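Working notes, structure below.
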Amino acid sequence: MSPSVSSIEAIGTEPAELLRCRERDEGDQPWDRWGTYLSDRQWGTVREDYSGDGNAWNAFPFDHSHLRTYRWGEDGLLGLSDERCLLCFSPVVWNGKDSILKERLFGLGNPEGNHGEDIKDTMYHLAGTPTGSYAKALYRYPHQRFPYQELRDENRKRSRQDNEYELVDTGIFADNRFFDLHVEYAKASPEDVLIRLTITNRGLDEADLHLLPSLWFRNTWSWGDPDRHRPSLRLQGNRLVSDAIEGLVSYDLSCSEQGQWLFTENETNTERLYGQSLQQPYVKDAFHRFLIEGDQKAVNPAQTGSKAALHLQRALRPGEIWTVNLRLKRNSQQGERPPEQVEESAFNSLMDRRRQEWLDHLQWVAPDLNAEDRAIHASAAAGLFWCRKYYDWYVARWLRGDNNAPRPPEERWHTENAYWRTLRARNIISMPDCWEYPYFCQWDLMFHAVAFAEIDPGEAKRQCRMLRQASYTANNGQSPAYEWALSDANPPIGAWAALRIFQISKRRYGGKDYPFLRASLRELLLEYGWWANRTDRNGDSLFEGGFLGLDNIAIFDRRYPLKDGSRIEQSDGTAWMGMLSLNMLEACVLLSEDRQEYKSLCDRFVRDFSRLTYALNSSSGRGFVNWDEEDGFYYDVLKRPDGSTDYLRTRSLSGLIPLLAIATFDTGTVESIPSLDVSTYLRDLGRDRGEEFDSITHLGSWHRGRILFSIVPPQRLRRILERVFDEEEFLSPYGIRSLSRIYENNPYSYQQGDDYATISYCPADSPVPMFGGNSNWRGPVWMPINYLLIEALQKFAHYFGDDFKMEFPTGSGRELNLWDISLELEERLVGIFRRDGNDQRPFNGNVELFQTDPQWRDLFLFNEYFHGCNGAGVGASHQTGWTAIVTKMITQLQRWR
């Protein structure tokens, strides 16, 4: 039998995957029906926390995950699900020694790790396509007993000044004593998925492995809804067949190998967890008890249930490869021929074709990359697609509880999240990290969307607009931040993302998607109103914001006033708002090309940007200004209850954010939209008020036929960049640091009343527990902010050309224009992943195994951030959301180098 292959083939030079994307986006074929949407971690999330104290890690720990049913999702090992996560597939493995089956990836909860939550298992994303037509990933499973307790104990002993204790540190991978489990998915059609599981014994000794390809229904029936009933899986011949349920037709799963089918129910083992009698004998951990404990009664002899697995076992010789082929296909309808057994030759042919189409698509997206950059680009793109996960949460139902269960604690109604009770999420969302952060994060998602733009513009546009839909936004127009604190204020970069997606897709795919930009602007106007009306507390156009995504970057926690009532007037809050207003202006200018009515809207954003620029550069009406003329830098200002102020002199990224508010327009655009002539507006306004705007005379200046909109005046730009390009301050061999290195030997301390704090340059993990302590903005290199800074330099370069040059690095005597400097920075950032002069990849740090062993050295992880001096990966290790923005740098370097 040949699997029924979609009729799509490449037409001319347009790859087949691009045609599938078009079918998906135009609604012709449901290519997104199935995908690698199964979460890598559902335990330890806010959604699954029904406690009174809000401690999600204790409420649903890892040790409950194989015993207890999830309320709002599912998880598994490199798994697959439909777009509603109703039916899930995942491989399960057991080495015959572990105390539990390897059903999901293991890691430490936030209280267990010396630097917060941290995945300890080892897996890599290798391939992925927009429609899920081909996906591949790798899991490395040790031969020896997995050191769960050792990892917990050792990390618990370590302080925040110590490195994390990782799986590789235990020595368990010595002499290649592990199995490689490659998981591949290829779609013959939108509802016909071929699955290949390839296990290789990399060790020198024979090793036994149990493999359990598993299929199960997410539990949607145990929560008191009378119209939801528990569905079943059952055997028909040698095929496993699922019941049709609301939202999903019947599917069947077949396998190339014969084994023992096991069945149970996806129900909580109340007896083991709570000492309560089981309501029925077959529960979630049945396969553990059957295989590991030898409990033959754990599985259902009637061979039916909502969870099933095929038990296969083999002793693998050194180097032996074991391949198991499966097929998950829509079950034949009445009158249709039943599906036949998968033949190996046809199976392999389809797999090979889809793999080649994946490579063809990458070549079309980023033509003619060298082998090194191609490997980086492909892995980053793969991570983007693998990190799209199903996310389900209805906050009102979560607060109220289920009809057949005790009411959750009353305290939940007095949390900030209770304000968001109308939030109803039920989407495939690009996660910041598929294990450490398996939930949406607002500003992260905007970077993900821009990273998608070159690879899959349709997905980019969906992700960009996701959190501003009515089912997500609050009544006041705010978009949610992330599930731990939905009300936190994130940097408002939604307009930037929409603008960049519009521009990138126009350049790469042709055409101007005005409907997308119009829809985005409508949604953004609501959010803009929230920012303008809530965050400007004093009505002086200075915006605080508090968190603003930069976690522990400040010497004090910027979310709260100090004990004596002093407040921090942030340099970055107003700058982010300036960037937002300028991006909104740029969007209106573009939309005016299509519809004239957008010209009148430009005037609002010109005026707002002018006020914000003045607020950050003038002390008028306040008695202080964030710009420190002595140091030549924008600082946060401490404002005391008596009205006195002082600079908090820490040179950090928050003082560089004003650089991001930059745009220029050509003469023809200004003639078409006269309100863009901001210098005339300011001159007339200054005359009417009887005082000129001396501090922002740069605004509206002309150079080389372009008008300048910038918060930072050119003379201040030069002073700031002197520090940014100084290797003793911000400039690292691997990009721009988040805090000046000057504080490494000269920590900065400040005391205000009873509050005393010190900040020093810490290039790797966080030294403080602020915001959970799992992220650090006090020295490391962060890819997303570097990307925004690079874009800002390129915009300044477009305005100044060769008339503005600087030493790069500072003090080197080597003068470059800002465009060339931006490319130099991109080279440094991409260099984190490339092999260096010592044939090592900086992101792998000092782990000799990863740097030199052929089994490891060409596998890529895209960390959350990177060591400020040596480029080693730090933080979340699969942050192929915003770190995947490196793909955009690679393609730009390819065009310009």
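Assorted remarks:
- Test for LEU861: is it among the aliphatic types (A, V, I, L, M), in contact with a Phe, Trp or Tyr (Cβ under 7 Å, 6 or more places away or on another chain) and at negative phi: yes
- Looking across ARG737, ARG778, ARG719, one residue alone is basic (Lys, Arg) and open to solvent by 50 Å² or more (accessible area, probe 1.4 Å). It is ARG719.
- Here LEU590 fulfils each of the conditions (1) over 14 Å from VAL678 (Cα atoms); (2) surrounded by 17 or more Cβ atoms within 10 Å (Cβ to Cβ); (3) in contact (Cβ under 8 Å) with a residue 40 or more places away in the chain; (4) more than 30 Å from the chain's Cα centre (by Cα) apart from (4).
- On inspection, LEU849 qualifies as modelled with pLDDT of 95 or more and open to solvent by 40 Å² or more (accessible area, probe 1.4 Å).
- Single condition ALA757 does not satisfy, out of (1) under 26 Å from LEU582 (Cα atoms); (2) of a type outside the set (D, E, K, R); (3) within 37 Å of the chain's Cα centre (by Cα): (1)
- Screening ARG228, ARG152, ARG196 for residues that are assigned to a loop (DSSP other than H, G, I, E, B) and charged (D, E, K, R) leaves exactly one candidate, ARG228.
- Residue list for the range 575-616, filter: touching a Lys or Arg at 6+ places or on another chain (Cβ under 8 Å) and closer than 30 Å to LEU648 by Cα: none
- First in the range 649-676 and farther than 11 Å from ASP572 by Cβ and open to solvent by less than 20 Å² (accessible area, probe 1.4 Å), second anywhere and of a type in the set (Lys, Arg) and outside any strand (DSSP E or B), Cβ under 6 Å, 6 or more apart: ILE662/LYS795; ILE673/LYS599
- Taken over the range 740-771, the criterion of being more than 14 Å from GLY868 (Cβ to Cβ), open to solvent by 30 Å² or more (accessible area, probe 1.4 Å), not polar (S, T, N, Q) and not in a loop (DSSP other than H, G, I, E, B) is satisfied by TYR748, TYR756, MET770, PHE771.
- Selected residue [surrounded by fewer than 21 Cβ atoms within 10 Å (Cβ to Cβ), among the basic types (Lys, Arg) and assigned to a loop (DSSP other than H, G, I, E, B)] from ARG607, ARG622: ARG622
- Pick from the range 366-415, criterion among the hydrophobic types (A, V, I, L, M, F, W, C) and at pLDDT below 95, ranking: nearest to PHE833 (Cα to Cα): TRP413
- Flag: SER571 does not match the condition of being among the small types (Gly, Ala, Ser), open to solvent by less than 10 Å² (accessible area, probe 1.4 Å) and modelled with pLDDT of 95 or more.
- Pairs where the first residue, in the range 23-35, is assigned to a loop (DSSP other than H, G, I, E, B) and the second is modelled with pLDDT under 95 and of a type in the set (Val, Ile, Thr), C-beta under 9 Å, 6+ apart: GLN29/ILE8
- If the condition is being open to solvent by 20 Å² or more (accessible area, probe 1.4 Å) and either in a helix (DSSP H, G or I) or at pLDDT below 95 (or both), then the range 801-836 contributes ASP802, ASP803, TRP819, ASP820, GLU824, GLU827, ARG828.
- Failed condition for PHE730, given (1) more than 30 Å from ASP557 (Cα to Cα); (2) at pLDDT 95 or above; (3) among the aromatic types (Phe, Trp, Tyr): (1)
- Within the span defined as the range 871-878, one or more residues are part of a strand (DSSP E or B) and within 27 Å of ASP572 (Cβ to Cβ).
- Among the conditions (1) surrounded by fewer than 18 Cβ atoms within 10 Å (Cβ to Cβ); (2) touching a strand residue (DSSP E or B) at 6+ places or on another chain (Cβ under 9 Å); (3) farther than 25 Å from ASP666 by Cβ; (4) touching a residue at least 12 places away in the same chain (Cβ under 8 Å), the only one that HIS798 does not satisfy is (3).
- Restricting attention to the range 262-318 and to residues that are outside any strand (DSSP E or B) and aromatic (Phe, Trp, Tyr), the residue that is least open to solvent (accessible area, probe 1.4 Å) turns out to be PHE287.
- Here the range 162-177 is the region considered, the condition is being farther than 17 Å from ASN846 by Cβ and assigned to a loop (DSSP other than H, G, I, E, B), and the residue that is least open to solvent (accessible area, probe 1.4 Å) is ILE172.
- Checking each residue of the range 499-506 against the condition of being farther than 30 Å from ILE119 by Cα, surrounded by fewer than 23 Cβ atoms within 10 Å (Cβ to Cβ) and modelled with pLDDT under 95 gives at least one match.
- Test for TRP484: is it over 29 Å from GLU23 (Cα atoms) and assigned to a helix (DSSP H, G or I): no
- Hits in the range 238-261 (condition: open to solvent by 20 Å² or more (accessible area, probe 1.4 Å), farther than 16 Å from TRP221 by Cα and in a strand (DSSP E or B)): ARG239, GLN260, TRP261
- TRP398 passes every criterion in (1) open to solvent by less than 40 Å² (accessible area, probe 1.4 Å); (2) among the hydrophobic types (A, V, I, L, M, F, W, C); (3) without any contact (Cβ under 8 Å) to a residue 40 or more places away in the chain apart from (3).
- Screening the range 411-436 for residues that are under 20 Å from TRP223 (Cβ atoms) and of a type in the set (D, E, K, R) and picking the one that is surrounded by the most Cβ atoms within 10 Å (Cβ to Cβ) gives ARG412.
- Residues located in the range 31-81, provided they are among the small types (Gly, Ala, Ser) and surrounded by fewer than 21 Cβ atoms within 10 Å (Cβ to Cβ): SER51, GLY52, GLY54, ALA59
- Neighbours by Cβ (under 7 Å, 6+ apart or cross-chain): first from the range 870-897, over 22 Å from PRO457 (Cα atoms); second acidic (Asp, Glu) and open to solvent by 10 Å² or more (accessible area, probe 1.4 Å): VAL874/ASP765
- Taken together, the residues in the range 109-138 that are within 28 Å of ALA59 (Cα to Cα) and at pLDDT 95 or above amount to 5.
- Flag if THR270 is of a type in the set (Val, Ile, Thr) and touching a strand residue (DSSP E or B) at 6+ places or on another chain (Cβ under 8 Å): no
- Of the residues making up the range 67-87, one or more are assigned to a loop (DSSP other than H, G, I, E, B), of a type in the set (Val, Ile, Thr) and under 27 Å from LEU312 (Cα atoms).
- Of residues in the range 131-148 being closer than 30 Å to GLY27 by Cα and part of a strand (DSSP E or B), the one most open to solvent (accessible area, probe 1.4 Å): LYS136
The values are calculated or read from the model by the stated rules, or taken from the named source; none is laboratory data. What you see is a predicted model, and the numbers here were worked out from it, not measured in a lab. Cβ: placed from backbone, ideal geometry, glycine included. Neighbour counts: every protein chain shown. SASA here: full protein model, heavy atoms, side chains in, ligands and nucleic acids out. Shrake-Rupley method; radii C 1.70, N 1.55, O 1.52, S 1.80 Å.
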